[in-house]
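Here is the structure we will look at, set down as structure tokens.
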Amino acid sequence: MTFKEFNFKPQLQKAIDDAGFREPSPVQQEAIPIVLEGKDIVAQAHTGTGKTAAFGLPILNMMALDGSVEAVIIVPTRELATQVSDEIYRFGKYLGVNTATVYGGSSYHRQIKHINNAGVIVATPGRFLDLLSNGQIDIAPKFVVLDEADEMLDMGFLEDIKEIFTYFHSTRQTLMFSATMPPAIKELSKTILYRPEFVTITKKNVTNTNISQDYYVVRENERDDALIRLLDFKDPEKAIVFCRTKREVDRLSNFLSSKGYSAKGLHGDMEQRQREEVIKAFKRDNLEILIATDVAARGLDVSNVTHVFNYHIPFDSESYVHRIGRTGRAGREGKAISIVTPHEFNSLKKIQKNVGSQLQSKVIPSIADVQMRQRGNMLEKIAAQPVSDIARELVEDLKKEFVDEDIALKLASLMYSANDIGGSDKIGMNSSEISQLFARFENDEAQKRSGKRRNRGHNNRGRNKRKRDGDDRSNRNKSYSKRR
């Protein structure tokens, strides 16, 4: 199926083509027709599955463009509000749709001014409720979206959301999107939606088949060297490196910058202005590598991320799915790369089982491997390089001392030395070492399971013996009572 089969307005289809979208994701394929029919919907799908387009495209297609606020999208965080607003604006640019982003920590006056010129509001619950309850805005949206509903619940916004809906007409169309469906979300859906259709993207649909997933086994002290080597070998156009902690983000961003990489960090302790600048630079291709925590990258929507690196493998499968979902979007191929140590095999196995896709074991490339990979790039650069007059003069001077072949060899060697590849030649474990580690790991796990079974059998025997002893005592007591 292609996006053209939805028969969107020509201006909307042009924006979709500009974005490079060709085939809809599973949630888009299922949700868009329901929304176009005017029905309420509850869609369960993880971040990175294309939810913004799943609700944004059909809403834009149905808008009357009458100059009023026709749609409100409520999201949990400022970062996500900015991302969704940018995405809606990008899709609606040929329709003349303006968006207003509303969140705390920014000027009320400026936000109200933007709302007066907007067709779509993207807002966090707290600030939006302030504007409604203080009478600073009076709107009657035809479409209301709750995005990342479970996240808003976790952040304590449930009562705010319920109150927000008291300001809207009952004739609205309401769309709810959530990664999980806890009881409170189900109860909320019963109160704010009317006969909704349900869409669930199951785990087997969650991981994009366009994403190759590899892992490299290293020792703990080799993580930095492994990441540098993989960056040199993979040569990503745009990459996100995920870390577990803010401190790790700061350290790693400084480390990569000191090595000459175009890299910056993103985490929750940064000022809002700094975060916005980093995200803007990354989206505009002024930044090649973004180092981020899971929380800071939540809702980050950049369509042309080529690689995702897990500096540490995440603790749970859901975080892993969220992370790798940043690449392989809009029908493009993506690569997810995890650096793991033997101590993380349990997490690796659990993720592999829950995600339902095969993670391939790979060996960290050697220096010679990287040089061979760079060879192709160098050939392309040399072929495309225009010849300057000063270069001609240099070669003429060199010809006085060297033959042509030696000149070419020396210049090629100079190019390779300029691309200095650091670290030891061998980083991490080879295939044989990884196989032996996995064999030991499986053997240890089997012994643990066997030990548990033996312990259960021993405990059962003990319980049975105690039960028999208890029965005997009980019978003896009964006999004694009868004799008395």
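Among the criteria (1) under 25 Å from LYS335 (Cβ atoms); (2) outside the structural domain of SER317 (by TED's automatic domain parsing), the one GLN358 does not fulfil is (2). Scanning the stretch 254-278 for residues that are part of a helix (DSSP H, G or I) and farther than 15 Å from LEU231 by Cβ turns up ASN254, GLN272, ARG273, GLN274, ARG275, GLU276, GLU277, VAL278.
The set of residues from the stretch 312-360 being modelled with pLDDT of 80 or more, acidic (Asp, Glu) and under 17 Å from the mean Cα position of the chain (by Cα) comprises just one member, GLU333. Among the residues making up the stretch 224-256, those that are surrounded by 15 or more Cβ atoms within 10 Å (Cβ to Cβ), closer than 28 Å to THR77 by Cα and of a type outside the set (A, V, I, L, M, F, W, C) are LYS238, ARG244, LYS246, GLU248, ASP250, ARG251, SER253.
Restricting to the stretch 126-167, name every residue that is among the small types (Gly, Ala, Ser) and surrounded by fewer than 18 Cβ atoms within 10 Å (Cβ to Cβ). Those that are among the small types (Gly, Ala, Ser) and surrounded by fewer than 18 Cβ atoms within 10 Å (Cβ to Cβ): GLY126, SER133, GLY135, ALA140, GLY156. Here the stretch 301-329 is the region considered, the condition is being in contact with a helix residue (DSSP H, G or I) (Cβ under 6 Å, 6 or more places away or on another chain) and either without any contact (Cβ under 8 Å) to a residue 60 or more places away in the chain or among the aliphatic types (A, V, I, L, M) (or both), and the residue that is nearest to GLY260 (Cα to Cα) is VAL308. There is at least one residue in the stretch 150-162 that is out of contact with any Lys or Arg (no Cβ under 8 Å at 6 or more places or on another chain) and on the phi > 0 side of the Ramachandran plot.
Among residues of the stretch 79-92 that are farther than 25 Å from GLY268 by Cα, those with a beta-carbon under 7 Å from a residue that is of a type in the set (S, T, N, Q) at least six positions away or on a different chain give the pairs TYR89/THR99.
Taking the conditions exactly as written (assigned to a helix (DSSP H, G or I) and either assigned by TED's automatic domain parsing to the domain that holds GLY105 or of a type outside the set (Lys, Arg) (or both)), does ALA292 satisfy them or not? Taking the combined requirement at face value, the residue does not satisfy it. Residue count for the stretch 104-125 under the criterion of being crowded, with 22+ Cβ neighbours inside 10 Å and assigned to a loop (DSSP other than H, G, I, E, B): the result is 3. In the condition set (1) within 23 Å of the chain's Cα centre (by Cα); (2) without any contact (Cβ under 8 Å) to a residue 24 or more places away in the chain, THR2 is compliant with all but (1).
Just so you know, in the stretch 324-351 the residues that are basic (Lys, Arg) and buried (at least 23 other Cβ atoms within 10 Å of the Cβ) include one that is nearest to ARG22 (Cα to Cα), and it is ARG329. Only one of the numbered conditions (1) in contact with a strand residue (DSSP E or B) (Cβ under 7 Å, 6 or more places away or on another chain); (2) at pLDDT 90 or above; (3) of a type outside the set (Lys, Arg) is not met by GLU277, and that is (1). In the stretch 259-283, the residues that are touching a residue at least 60 places away in the same chain (Cβ under 8 Å) form Cβ pairs under 7 Å with partners that are in a helix (DSSP H, G or I), at six or more places apart or across chains, as follows: LYS259/ILE228; GLN272/ARG78; ARG275/GLU79; GLU276/THR82. Take PHE345 and tell me if it is among the aromatic types (Phe, Trp, Tyr) and over 28 Å from GLU445 (Cβ atoms). Against the criterion (among the aromatic types (Phe, Trp, Tyr) and over 28 Å from GLU445 (Cβ atoms)), PHE345 does not qualify.
If you go through the stretch 336-372 and keep only what is small (Gly, Ala, Ser), under 19 Å from SER319 (Cα atoms) and part of a helix (DSSP H, G or I), you end up with just SER347. Please find, within the stretch 361-403, the residue that is farthest from ASP214 (Cα to Cα) out of those that are loosely packed, with under 10 Cβ neighbours inside 10 Å and among the polar types (S, T, N, Q). Here the answer is SER388. The set of residues in the stretch 388-421 being at pLDDT 85 or above, within 48 Å of the chain's Cα centre (by Cα) and not in a helix (DSSP H, G or I) consists of SER388 alone.
Screening THR174 on (1) surrounded by 13 or more Cβ atoms within 10 Å (Cβ to Cβ); (2) of a type outside the set (Lys, Arg); (3) within 25 Å of the chain's Cα centre (by Cα) shows it passes everything except condition (3).
For SER68, the conditions (1) in contact with a helix residue (DSSP H, G or I) (Cβ under 6 Å, 6 or more places away or on another chain); (2) surrounded by fewer than 17 Cβ atoms within 10 Å (Cβ to Cβ); (3) of a type in the set (S, T, N, Q) are fulfilled apart from (1).
The values are calculated or read from the model by the stated rules, or taken from the named source; none is laboratory data. Quantities reported herein were computed from a predicted structural model and do not represent experimental measurements. In this analysis, Cβ positions are derived from the backbone assuming ideal geometry, glycine residues included, and neighbour counts consider all displayed protein chains.
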